[in-house]
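What follows is calculated from the coordinates using simple rules that are stated; it is not laboratory data. Note that the structure is a prediction, hence the values are computed from the model and not measured. Neighbour counts are summed over all protein chains in view; Cβ atoms, including those assigned to glycine, are modelled from backbone coordinates with ideal geometry.
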Amino acid sequence: MSEHETDHEQIRDIAEVPAVEVINTVAVHLLSAAAVKCGLTERGNETLDLDEARKLINALAGLVTASAPDLGDQHARPLRDGLRSVQLAFREASPFPDEHGKGPGEKYTGPVS
């Protein structure tokens, strides 16, 4: 198969995927990466990188907040719950926790407690 045929096939494949599924997939990738960077793996502190986690959580919060009305409660609720979990994990892992309402993603979600 030529490179042109492969590109054409990928475009056709993505055209068939509903937007809600694409958004969910991206959000789950961000959520998983944030959890790893917050040290929420069996390797724990080996994977802890709060600078990277902050970036991922901010991106996830923006995506979830902006897309929630289009996702509907069935899809948005689990993403919000996961987001809240990594926001709390970030706070717990931080040696100097951010001020309430100033943590990663909280400018999009509001204060998390």
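Within segment 17-40, residues that are closer than 30 Å to residue 95 by Cα sit with their Cβ atoms under 9 Å from residues that are in a helix (DSSP H, G or I) and of a type in the set (Phe, Trp, Tyr), at 6+ positions apart or across chains, in these pairs: 34/90; 37/90; 38/90.
Between 81, 51, the distinction of being under 13 Å from the mean Cα position of the chain (by Cα) and surrounded by fewer than 18 Cβ atoms within 10 Å (Cβ to Cβ) belongs to 81 only. Pairs are defined by a Cβ separation below 7 Å, a sequence spacing of at least 6 or placement on different chains, a first member in segment 50-70 that is of a type in the set (S, T, N, Q), and a second member that is crowded, with 16+ Cβ neighbours inside 10 Å; the pairs so defined are 58/104; 58/105; 65/108; 65/109; 67/23.
Please find, among 79, 50, the residue that is of a type in the set (A, V, I, L, M, F, W, C), touching a helix residue (DSSP H, G or I) at 6+ places or on another chain (Cβ under 8 Å) and under 19 Å from residue 95 (Cα atoms).
Numbers: 79 fails: under 19 Å from residue 95 (Cα atoms).
From the options 79, 50, the qualifying one is 50.
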